[in-house]
Amino acid sequence: MIVPYFDLKQQFASLREEIREALDRVCRNASFILGEEVSEFAKEFAAYSEVKHCVALNSGTSALHLALLALGVKPGDEVITTPNTFIATAEAICYAGGKPVFVDIDPRTANLDPTLIEPAITERTKAILPVHLYGRPADMDPILDLAQQHGLAVIEDACQAHGARYRGRRVGSIGHAAAFSFYPSKNLSAYGEGGALTTNDAGIAELARALRSHGQSGPYIHARIGYNYRMEGFQGAVLRVKLKRLEEWNARRKEIAALYRRALQGANLEIPSDDPRDERVYHLFVVYVERRDAVRAALEARGVHTAIHYPRPLHLQPAFTALGYGRGNFPYAERACERVLCMPFFPEMTDEQVCYAAEQLAEVVGRA
Ligand SMILES: Cc1ncc(COP(=O)(O)O)c(C=O)c1O
């Protein structure tokens, strides 16, 4: 059996007519940039995320950048974040002129360890940027407490966590602002690039709306230098079709994860546990194994395709050499990157594919 790591083609087959109609609407209205499909999507995604405002953008990276700018991050400011994430999280801090300050993860969750944040706060610290990695909510309450004590902004990187809840609250509605990505591999995804900033603060939303469109405050009136970060009409139309299916897809992802967990019981690997007070979503299904690269090669030979998110923590990326970190600075993040293995995972997988992939993994790593 061949088990692909990911497959979007089956999803398109099930949506084809609706998607074609939605794209046709955009063409008939010639509303290729922003327009009604995008504004309706923004309203619908705000309602889904239980947040007052959603600003539709052209990527999750743009959403992070605008959130940092709207919250006042300026050149020289420090922003505390995790080294165990996609590079965009820390890149956006640099776009705003800020400096990423990394703090290690909690090895039980792979997310920022809140107990390590306070010692990293200096007089230059402006914000904390937790990531809800793989769809598992970061531990927000202690982060919000610290932020309040020290007068800091909190920006959620919710790019991998559409629909997750932390202690009953939707991610993306908890900090001062949040960023979502609709990159094609995400749980809610566009047919190209896409992203959104969510917030309950009308001022942040207004500023982000102006910044996404060249700083426009009125027709051809530019109050400030902005960007071209607008969402395209086609993406808004596709996202409206797909948002209606998100709960169903997230539920199927949860079922697949439960199948994996059951089939992998007793295998020589680690699967992080989830806080029962939260409703995580599954963006990826991740396990931690010793001799990861050999395990991966053995699975490949058995027809099971896997991926690594992420092979190298950000503090060891060449792009961040100037920050002055080195190996050993964040041992839990380093260890996670050495051992992480992402199994095949998408809602259209059959139970047989999941069981086959799990069985192959259990055979390769052995059972205790
Ligand atoms: C955690 C995280 N942050 C930020 C991003 C950036 O999003 P985008 O690719 O839409 O710019 C992504 C997705 O790729 C991500 O997974």
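Quick notes on this one:
- log10 of Debye I(q)/I(0), alpha-carbon scatterers only, for the chain at 0.06, 0.08, 0.12 Å⁻¹: -0.22, -0.40, -0.90
- Three-way shape label, the range 1-47, alpha-carbon gyration tensor, a/c 1.5: prolate
- Within the listed set Tyr220, Tyr166, Tyr260, the Gaussian network model of the chain (springs between alpha-carbon atoms below 10 Å) gives the highest mean-square fluctuation for Tyr220.
- For the residues Thr350, Thr89, Thr61, a GNM of the chain with alpha-carbon springs under 10 Å puts the largest fluctuation on Thr350.
- For the chain, a simple Cβ point-charge model (Lys and Arg +1, Asp and Glu -1, everything else neutral) yields a dipole of about 360 debye relative to the Cα centre.
- Exposure proxy ranking, count of Cβ atoms within 10 Å, fewest first, for Arg253, Arg261, Arg28: Arg28, Arg261, Arg253
- The DSSP beta bridges internal to the chain are antiparallel in roughly 60% of cases.
- Straight-line cross-link reach from Lys74 at under 28 Å between alpha-carbon atoms covers these lysines, not counting any fewer than eight positions away in the same chain: Lys52, Lys99, Lys126.
- The range 181-214 and the range 274-309 have Cα centres spaced 29 Å apart.
- Straight Cα distances below 18 angstrom link Lys43 to the aspartates and glutamates Asp201, Glu206, Glu232, Glu247, with same-chain residues fewer than 8 positions distant left out.
- Counted charge near Asp77, where neighbours are those whose Cβ lies closer than 15 Å (Asp, Glu -1; Lys, Arg +1): +2
- Global form of the range 113-249, assessed from the alpha-carbon gyration tensor, a/c cut-off 1.5: oblate
- Residues of type aspartates and glutamates that Lys254 reaches as a straight line, Cα spacing below 20 Å, ignoring anything fewer than 8 places off in the same chain: Asp7, Glu270, Asp274, Asp275, Asp278, Glu279, Glu348, Asp351, Glu352, Glu359
- Dipole of the chain, positive direction: furthest Cα of Gly266, Phe6, Val287, with charges on the beta-carbon: Phe6
- For the chain, built as a Gaussian network whose Cα springs stay under 10 Å, the top-fluctuating residue of Ala42, Ala13, Ala251: Ala13
- Antiparallel DSSP beta bridges within the range 42-180, as percent of all bridges there, nearest 5: 20
- Cβ-to-Cβ counts within 10 Å put Cys337, Cys27 in ascending order as Cys27, Cys337, the fewest first.
- Cα gyration tensor category, rounded, prolate or oblate, for the range 139-212 with a/c compared to 1.5: oblate
Quick note: the coordinates plus some simple rules give every number you see, no bench work behind them. Being a predicted model, the structure only gives us computed values, none of them experimental. Positions of Cβ are backbone-derived with ideal geometry, glycine not excepted, and every protein chain shown enters the neighbour counts.
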